[in-house]
Each structure stands twice: as structure tokens, then as C-alpha cells.
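Visitor: Below are the C-alpha cells for one structure; questions will follow.
Read-outs: derived from the displayed coordinates by stated rules, not from any lab. Small disclaimer: the values here were computed from a predicted structure and weren't measured. Cβ sites come from the backbone with ideal geometry, for glycine too, and all protein chains shown count toward neighbours.
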Amino acid sequence: MILPIVKFGNPVLRQKGARVEKITPDIKKLIEDMFETMYAAAGVGLAAQQVGRALQLTVIDVRGVKDRPSTIELDGKPAEVAAVMPLVLINPGIQPFGDPVAGPEGCLSFPEIFEEITRPGSVEVNALDAKGQPVHFKSSGLLARAIQHETDHLNGILFIDRMPLKAKQALKVELDELQAETKATLQSKLG
């Protein structure tokens, strides 16, 4: 089922996600729905907060992006990125490393807003997969960027928080409009 994507201005985007203690039927269904939602929106990642659930859960699939390569290391050896996609990360712990790399980012919660964001080029990940099994790997390229972006969401951090001040100021009108529109929609649902 395609879920509504929460837009900037909804307080759930600023909530740190609760740890997922057990892979319940509800969590399995949420994962399935999050993938369906992400694919329908042509995204490469989606955090639970973006569908209104403050949980430490994200889904990622970078296979469709050909112009921004990714690498992955499993057990210290290079592996095929496609072999681990689609990726489910539950309760992820990440350790970014490597030289800072600037790259374009967008976010499904910020339609039509894109900006260069600088992040470490690589990341080491410890998490659980969709079956609750431990996963550990290192990645770089677009996959590392997507993991850092989605993990930020799980901690209530948005990509606009990573923007240079000048870029954020240049987007002020669009951000204010999006936030006001979201708040008005939330008010109309309550009212």
C-alpha cells in the first residue's frame, strides 16, 4: 500500500525514532509499504518518519541510479551493490569516515528542493535487516550518502540542517511555503 509521505512542517520529521525491538507483522507490513511508497515516488531512500512513524527503520534502493555509483564491502571484501538491494536498516548505527564529498541531495519530504550537501564519502554500518538479523558493511558513493541522509531522518535531522547557510537562505521562501502548507493541512485534519 502506498503511504502518504509526510512533508516538511510535520513535527514527526523532527522526532528521534524509537528502537524497533521486535520484527512484528506490523513492522513487516510497514517495510513492504515503505518500499512501495519509495518506488512510487521515485526515491532511493525512505525513513519511517517520512510516513508518519517515529521508528529506527529505513529502506534504501540505489539500483536505479546509474550516474552516481556506489560501492559496498561485506566482510572486508568488495561486493556487488545490487546483491544487497533493496536494503532494510533497522536500529542502524553508522560511523561516517573519509574525505568530505559535496553532492546533490533531494528529499521526498521536500518536493522539488535540491541542494549540494557535503558529507563524509564513506560510512560503516551496523544494523538489523528485515528479518532482525545483524548486518555490517562499509559503503561509499551514493549508497553512503543515502544511508547518512536516511539515518539523519531517524534522528530528527533534515537535509536542510546540513545545507550551507547561504543555500538555506536562498530557499527560505520555498521552505516557508512548504512548512505553512503542511501546517495548514494538519490543522484542517484536526479541525
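Visitor: In the stretch 94-158, which trypsin sites (Lys or Arg not before Pro) are in a loop and have at most 12 other Cβ atoms within 10 Å, using DSSP for the loop call?
Guide: Passing both the DSSP loop test and the Cβ count: 131.
Visitor: Here's something else I'd like to know. Can you give me the C-alpha center-to-center distance between the stretch 97-168 and the stretch 60-84, rounded to a whole angstrom?
Guide: Each part reduced to its Cα centre gives a spacing of 15 Å.
Visitor: To continue, here is another question. For residue 186 and residue 83, what does the FRET efficiency come to when R0 = 41 Å and r is the distance between their Cβ atoms, rounded to the nearest 0.05?
Guide: Result of the calculation: an efficiency of 0.50.
Visitor: Given 0.36 nm per residue, what is the gain on full extension from residue 75 to residue 166 after removing their alpha carbon distance, in nm?
Guide: Going from the current span to full extension adds 28.7 nm.
Visitor: Pulled fully out, how much extra length does the chain show between residue 129 and residue 65, if you take 0.36 nm times their separation in residues and subtract their Cα-Cα distance?
Guide: 20.8 nm
Visitor: Considering the zone a paramagnetic label at residue 1 would reach in this model (a point 7 Å from Cα along the Cα-to-Cβ line), which residues of the stretch 8-30 have amide N under 17 Å from it?
Guide: Correct set: 24-30.
Visitor: For the pairs 7/138; 29/131; 29/138, note any where the Cα-Cα span goes beyond 19 Å.
Guide: 7/138; 29/138
Visitor: Which value at 222 nm does the chain reach when only helices count, each DSSP H run of 4 or more adding -39,500 (n - 2.57), with the total divided by all residues and rounded to the nearest 500 deg cm²/dmol?
Guide: Mean residue ellipticity at 222 nm (helix-derived): -9500 deg cm²/dmol.
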